[in-house]
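Colleague: For reference, the structure I am asking about is given below.
The values are calculated or read from the model by the stated rules, or taken from the named source; none is laboratory data. Note that the structure is predicted; figures quoted are calculated from it, not measured. Using ideal geometry, Cβ is built from the backbone for each residue, glycine included, and neighbour counts are taken over all protein chains shown.
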């Protein structure tokens, strides 16, 4: 028990400047320590991840909570080598993505709900933004559950949001029908080296008591920038040709630069073309 308490304490201390936990005599601390210490894996060995194991992990992930038991999430396991090569090209051909032994695409699925209305002869009275939102959240819950399950048995994972850069092409490639859309890919494999834990924003900025803490945001970000620059500095600066070189380059500057340029501007049109109303 003490070993797991110490592991949890070290993980949270590394993750959050203000994340020191208490001492708990409870079962499950090993799971908490593993979750607190997880890191995205982008370096995989050549060892195959067996299909049956992937399918079992999918079953575990789909056992996660679902809004109102609607179960509006599906997982596409990309197993065909030719299909996989095309998908890798669509998401930018990143070396680490190509090196992942397994790739899964997590999808929001509202089509099945509409099928229920057809089957039972009931009108669908909620054709608005919430229909899309429910399916997207359901898929995200399953994605998080899959990561937790996979990492619990020693696999490494990294979400691939770049599939939304080519959402229409990915949808066509996987033959996703109307009202089914990709939210993210997930690269999965056996790690070839330890992944680096990333610091997170202080809990003071992200965990609120009764009311949202607007006043803490700016100072918390400044503290976080300094702490992360001291322990996990960025190796390169984003888009120096547009923004120049900064002597004080931290997390906030990197993220501000990232979204200072247009990205996925056609995603709304793609979602509407899939049959969703976003009113």
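Colleague: Of the residues 49, 97, 78, 91, which is in contact with a helix residue (DSSP H, G or I) (Cβ under 6 Å, 6 or more places away or on another chain) and farther than 19 Å from residue 181 by Cβ?
Modeller: The conditions single out 97.
Residue-by-condition table, conditions (1) exposed (fewer than 12 other Cβ atoms within 10 Å of the Cβ); (2) in the same structural domain as residue 263 (by TED's automatic domain parsing); (3) in contact (Cβ under 8 Å) with a residue 12 or more places away in the chain:
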position	(1), (2), (3)
170	no, no, yes
175	yes, no, no
205	no, yes, yes
218	yes, yes, no
232	no, yes, yes
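Colleague: Being outside any helix (DSSP H, G or I) and under 19 Å from the mean Cα position of the chain (by Cα) is the filter here, so list the residues in region 44-62 that pass it.
Modeller: Across region 44-62, the qualifying residues are 44, 62.
Colleague: Please indicate, with yes or no, whether at least one residue in region 226-236 is under 30 Å from residue 103 (Cα atoms), at pLDDT 95 or above and in contact with a helix residue (DSSP H, G or I) (Cβ under 8 Å, 6 or more places away or on another chain).
Modeller: no
Colleague: Which one of 11, 39 is out of contact with any strand residue (DSSP E or B) (no Cβ under 7 Å at 6 or more places or on another chain) and part of a helix (DSSP H, G or I)?
Modeller: Values: 39 fails: part of a helix (DSSP H, G or I).
Selected residue: 11, the only one of 11, 39 that is out of contact with any strand residue (DSSP E or B) (no Cβ under 7 Å at 6 or more places or on another chain) and part of a helix (DSSP H, G or I).
Colleague: Shifting gears a bit: Which residue, of 246, 198, is surrounded by fewer than 16 Cβ atoms within 10 Å (Cβ to Cβ), in contact with a helix residue (DSSP H, G or I) (Cβ under 9 Å, 6 or more places away or on another chain), without any contact (Cβ under 8 Å) to a residue 60 or more places away in the chain and assigned to a loop (DSSP other than H, G, I, E, B)?
Modeller: Numbers: 198 fails: without any contact (Cβ under 8 Å) to a residue 60 or more places away in the chain.
It is 246.
Colleague: Residues in region 205-216: is at least one out of contact with any helix residue (DSSP H, G or I) (no Cβ under 8 Å at 6 or more places or on another chain) and under 22 Å from residue 88 (Cα atoms)?
Modeller: We begin by selecting, within region 205-216, every residue out of contact with any helix residue (DSSP H, G or I) (no Cβ under 8 Å at 6 or more places or on another chain); these are 206-212, 214-215.
From what is left, the residues that are under 22 Å from residue 88 (Cα atoms) are none.
Looking for residues that are out of contact with any helix residue (DSSP H, G or I) (no Cβ under 8 Å at 6 or more places or on another chain) and under 22 Å from residue 88 (Cα atoms), one finds none in region 205-216, hence no.
Colleague: Tell me whether region 16-37 contains one or more residues that are surrounded by fewer than 18 Cβ atoms within 10 Å (Cβ to Cβ) and under 30 Å from residue 167 (Cβ atoms).
Modeller: Taking every residue of region 16-37 in turn, at least one turns out to be surrounded by fewer than 18 Cβ atoms within 10 Å (Cβ to Cβ) and under 30 Å from residue 167 (Cβ atoms).
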